[in-house]
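The values are calculated or read from the model by the stated rules, or taken from the named source; none is laboratory data. Just so you know, these numbers come straight off a predicted model, no measurement behind them. Positions of Cβ are backbone-derived with ideal geometry, glycine not excepted, and every protein chain shown enters the neighbour counts.
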Amino acid sequence: MEDDFIQPAAVSEMTGNGETSRAVDLAGKLTSFDISQLPDDGPAVPVVMAIGNMWMLGRLRRERGWATTVVYEEGWHMIGGPAAGLIKANQKLSRGLGISNVFVMHKGSDIPTDSPGMAIIQEAQTVCIYRQSRPEDATWCQQTFGLAPETAETIEKLRDGHYIFKYGSHPETHVQHILSSWEAQVTNTDEALAAAGQR
């Protein structure tokens, strides 16, 4: 396999400001949609994320056989907003196409209880829960994922690098993620932000 098969595509053109640039390769094996410039409030982010999701499903229907991991940063946009019904409807299709959906959320309590997104959350097979300082958020995690009652208090007090791991019907486990020196260096976003502020 060639080394150059991964070609990230930062596609700001999806925001409606023109044709997709010729330099953007939508046939690469890694595609990243940069929507960081869209306003956080209002429908823009979930709508563009939903469009990206439909594009991906269409592509995977044509190019079957790939195991695909889809990471939704700020995942509440997808499962807490207007696209939740679409994502829920596509869950079975996702499994058939070999898609593993990863939703990254800061607070599960942001998801309305009557949202179709709650079904997506409750069907999650693998859950990693980092510290939730507010008791109501820790309790939400404990109840939503069927954890032992005392786990809510543990979630509130988790230290950096610690999380609660739950897989399927297995009991939850308290995990410490130990970084190698290389991992610590490449994931030190605080240092990068400090350097950017000194320019």
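Would you say Val175 is under 30 Å from Asp41 (Cβ atoms) and modelled with pLDDT of 85 or more? Taking the combined requirement at face value, the residue does not satisfy it. The residue list Val102, Val24 contains one member that is out of contact with any His (no Cβ under 9 Å at 6 or more places or on another chain), surrounded by 13 or more Cβ atoms within 10 Å (Cβ to Cβ) and not in a loop (DSSP other than H, G, I, E, B), which is Val102. Note on the stretch 60-88: residues that are farther than 27 Å from Val127 by Cβ and either among the hydrophobic types (A, V, I, L, M, F, W, C) or free of Cβ contacts under 8 Å to residues at least 24 places away in the same chain (or both) total 2. Of the residues making up the stretch 163-180, none is surrounded by fewer than 16 Cβ atoms within 10 Å (Cβ to Cβ) and charged (D, E, K, R).
When His170 is tested against (1) free of Cβ contacts under 8 Å to residues at least 24 places away in the same chain; (2) farther than 22 Å from Asn101 by Cα, only condition (2) is not met.
Among the residues of the stretch 105-121, none qualifies, meaning not one is surrounded by fewer than 18 Cβ atoms within 10 Å (Cβ to Cβ), more than 21 Å from the chain's Cα centre (by Cα), among the basic types (Lys, Arg) and part of a loop (DSSP other than H, G, I, E, B).
Listed conditions (1) surrounded by 11 or more Cβ atoms within 10 Å (Cβ to Cβ); (2) among the charged types (D, E, K, R); (3) part of a helix (DSSP H, G or I) are all met by Lys92, apart from (1). In the stretch 122-145, the qualifying residues are those that are of a type in the set (Ser, Thr, Tyr) and surrounded by 13 or more Cβ atoms within 10 Å (Cβ to Cβ), and the one that is nearest to Gln176 (Cα to Cα) is Tyr130.
Residue-by-condition table, conditions (1) in contact (Cβ under 8 Å) with a residue 40 or more places away in the chain; (2) within 30 Å of Gly85 (Cβ to Cβ); (3) of a type outside the set (D, E, K, R):
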{"residue": "Ile120", "(1), (2), (3)": "yes, yes, yes"}
{"residue": "Glu123", "(1), (2), (3)": "no, yes, no"}
{"residue": "Glu136", "(1), (2), (3)": "no, yes, no"}
{"residue": "Phe145", "(1), (2), (3)": "no, yes, yes"}
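If you go through the stretch 129-158 and pick out every residue that is part of a loop (DSSP other than H, G, I, E, B) and either closer than 24 Å to Pro112 by Cα or at pLDDT below 95 (or both), you end up with 10.
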